[in-house]
Amino acid sequence: MRRYRASRGQGRTRVSLWADYMGSDLVVCIYNEGAHLGAVAVAEYDFKEERACSSVITRLGHRDDEVAKKQAHIIARQTKQPVCVIAGIHLDDITQEEIVKILAEVDKMVSGFIRRVMLNNPG
């Protein structure tokens, strides 16, 4: 797998993911129709400590940091590969129910992506 694309949800809660390799490192974008650069997270697996660590930078006034950091951490922990996640999800007048739905769709998309990476890079 070099490139990966996925979308989940419908209407206002539809989100997308695209991923590609930069050398042997993963670059993942998570976004919706209002795509933008909201936050960037970098995570890496520490083989000595057997854990992943992550850092995040968030643009002023944006709240994409939780998505970026969580998903970068999960991807690095599962794939044991360095990853950069760029998150940009914007929805005017978003409701709490829409937030919950979007976060669930992102979790499912990332799980599918990880399965695909692991199938192509076993061990």
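The values are calculated or read from the model by the stated rules, or taken from the named source; none is laboratory data. Just so it is clear, the structure is predicted and the values come from calculations on it, not from any experiment. Positions of Cβ are generated from backbone atoms using ideal geometry, with glycine treated the same way; all protein chains shown enter the neighbour counts.
Summary of computed values
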{"item": "Filter result for the condition that a residue is modelled with pLDDT of 95 or more and surrounded by 14 or more Cβ atoms within 10 Å (Cβ to Cβ), over Asp46, Asp93, Asp65", "result": "Asp65"}
{"item": "Among the candidates Ala52, Ala41, residue that is farther than 17 Å from Ser16 by Cβ, in a strand (DSSP E or B) and without any contact (Cβ under 8 Å) to a residue 40 or more places away in the chain", "result": "Ala52"}
{"item": "Tabulated pairs, the stretch 99-123, first without any contact (Cβ under 8 Å) to a residue 12 or more places away in the chain, second surrounded by fewer than 12 Cβ atoms within 10 Å (Cβ to Cβ) and assigned to a helix (DSSP H, G or I), C-beta under 7 angstrom, 6+ apart or interchain", "result": "none"}
{"item": "Count - residues of the stretch 40-62 that are in contact with a strand residue (DSSP E or B) (Cβ under 8 Å, 6 or more places away or on another chain) and not β-branched (Val, Ile, Thr)", "result": "12"}
{"item": "Top-ranked residue of the stretch 1-22 - restricted to ones that are part of a loop (DSSP other than H, G, I, E, B) and modelled with pLDDT of 95 or more, ranked as farthest from Asn120 (Cα to Cα)", "result": "Gln10"}
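Here is a yes/no grid of residues against (1) within 10 Å of the chain's Cα centre (by Cα); (2) under 21 Å from Val15 (Cα atoms); (3) in a helix (DSSP H, G or I); (4) of a type outside the set (Phe, Trp, Tyr):
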| position | (1), (2), (3), (4) |
| --- | --- |
| Leu60 | no, no, no, yes |
| Asp92 | no, yes, no, yes |
| Glu98 | no, yes, yes, yes |
| Val110 | yes, yes, yes, yes |
| Phe113 | yes, yes, yes, no |
